[in-house]
Each structure stands twice: as C-alpha cells, then as structure tokens.
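All remarks here apply to the structure that follows.
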Amino acid sequence: IYEAVDHDLFRPGDAGEARASVAAYGITKPFALFVSSLWPYKNCDGLLRAWARARSELGNRQLAIVGAGRDESYLASLHSLAAELGISGDVVFVGGVPLEQTVQFYRAADVCVYPSLNETFGLPILEAMACGCPVVTSDISAMPETAGGAAILSDPKDPSSIARAIIEAVGPGQDRRPEMGIQRASQFT
C-alpha cells in the first residue's frame, strides 16, 4: 500500500500569502526548496554543489533548506561547504518547521529539489506536487516511481545533472508541470 499525503493540508493555496509567511524565516526572494531531515543520504551536499553550478542562470534566487539537522557533523559540513562554494549568501538553513508551515514553503517555492540517493518512497515529492510546486528529484531508487512522470529527474550523484534539472524547472515552458504534479499527487490517498 502506497503512502499518501493529507490532501486537506497539502493543496494549492495563495502564493502571495505563502511568500509573506516564509519571509519570517529570511526567505525574501524567489527560491528553490529542499525539504528533508538532514541525513547524508538525502544529498543536500550534492544540491549545494549543483546550486553553485546553476546560480548564474537562476537569477536572484535563494535556496531554502527546510529540515532538522539530525546529524550535527553533517549539518556543520553543509554550512562549511556553502561557504567554500561561495553560496552562503544564497542559502537559508531554516531548520525544522511544523507541517502546516512546510505547506507555505511548498506553495511559495519556484521548485522543490529532492536529490536523495536512496528512498523507499519519497513523501516530500508528493507533498510538493499536491501544493502545486514543480519537483526535481532523483532518477534512481523509488523516486521515479513516486514522481510518475510529473517531475524532472536527474542523476543525484552528478551535481551538473541536478543543476540542469533545476534550471529547466524554473525556465520557460514549465507551465504544465504544477498541473501534472497535482494530478499525480491526487492518485495517492
């Protein structure tokens, strides 16, 4: 039996209202979103490397990292990596937030990036889709099956692949992507 999201909570909403809500966390520009507990296999480090490669083509965007730092040494290494890559000014480590607030992040984000190295399902993929947020995720493990053709897939071991997918997701011609995601998420109840 597949997992599912609470469709009463995870649904499209007013993007302007959502942007005002996430501004309290320091997200004041258009942004890409990463939602996950910060374990190494979630590949936030790969996302930071991808962001450094893509940032010149992403305009004046921020990267919001939403999730509790479960592995303190990994969290410290992520802060160090962002500084080393020269992207600290773009990256906001939000920390853990309640689900009700996570919904606002999904509604306000330009794209949700979930480049995990291994998942049994990948619930944030469906959460984002249910809120109308385009998704970039991994082309391995359970993620392509969960995404069901409604996300842009990338190789999580290749920061250039993740970077290209992010650029594609926020670029022109992606108007149908939110609709595809909402449709896909609606299949999981």
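The values are calculated or read from the model by the stated rules, or taken from the named source; none is laboratory data. Bear in mind the structure is a predicted one, so any value in this text is a computation, not a measurement. Here the Cβ positions follow ideal geometry from the backbone for every residue, glycine too, while neighbour counts run over all protein chains shown. Heads up: the accessible areas ignore ligands, DNA and RNA and are worked out on the full protein's heavy atoms, side chains in. Shrake-Rupley method; radii C 1.70, N 1.55, O 1.52, S 1.80 Å.
With every protein chain left in place, what is the accessible area per residue of the range 127-167 in square angstrom, probe 1.4 Å?
For the range 127-167, the per-residue accessible area is 29 Å².
Quick one: check the C-alpha center-to-center distance for the range 163-189 versus the range 90-115, whole angstrom.
Here the two parts' Cα centres lie 16 Å apart.
I want the local charge near GLY132. Using Cβ-Cβ distances under 13 Å, sum +1 for each Lys or Arg and -1 for each Asp or Glu among the other residues. Walk me through the numbers before you get to the answer.
Values: positive: ARG11, ARG107, ARG176, ARG177, ARG184; negative: ASP14, ASP110, GLU127, ASP175, GLU179.
With Lys, Arg at +1 and Asp, Glu at -1, the net is 0.
Can you give the relative contact order of the chain as a percent, counting alpha carbon pairs under 8 Å and 6+ residues apart?
Values: 379 pairs, mean separation 51.9, N = 189.
That works out to 27 percent.
Classify the range 1-122 as rounded, prolate or oblate, taking a ≥ b ≥ c as the square roots of the eigenvalues of its Cα gyration tensor: rounded when a/c is under 1.5, otherwise prolate if a/b is larger than b/c and oblate if not. Spell out each step's value before the answer.
Working: a/c = 1.72, a/b = 1.17, b/c = 1.47.
It is oblate, given that a/c is not under 1.5 and a/b is not larger than b/c.
Which value, in debye to the nearest 20, gives the size of the charge dipole of the chain about its Cα centre, when Lys and Arg are +1 and Asp and Glu are -1 at the Cβ?
Values: 15 positive and 22 negative charges, 78 e Å.
In debye, rounded to 20, the chain gives about 380.
What net charge is computed for the residues neighbouring ALA82, neighbours being all others with C-beta under 13 Å from the C-beta of ALA82, Lys and Arg scored +1, Asp and Glu -1?
Working: positive: ARG49, ARG55; negative: ASP45, GLU84, ASP90.
Taking every Cβ under 13 Å from that of ALA82, the sum is -1.
Can you send over the carbon and sulfur percentage of the accessible area for the chain, probe radius 1.4 Å, protein chains only?
On the way: 4020 of 8310 Å².
Ligands and nucleic acids excluded, carbon and sulfur reach 48 percent.
What residue among LEU99, LEU117, LEU78 shows peak mean-square fluctuation when the chain is described by a Gaussian network model with Cα springs under 10 Å?
With Cα springs under 10 Å in the chain, the top fluctuation among LEU99, LEU117, LEU78 is at LEU99.
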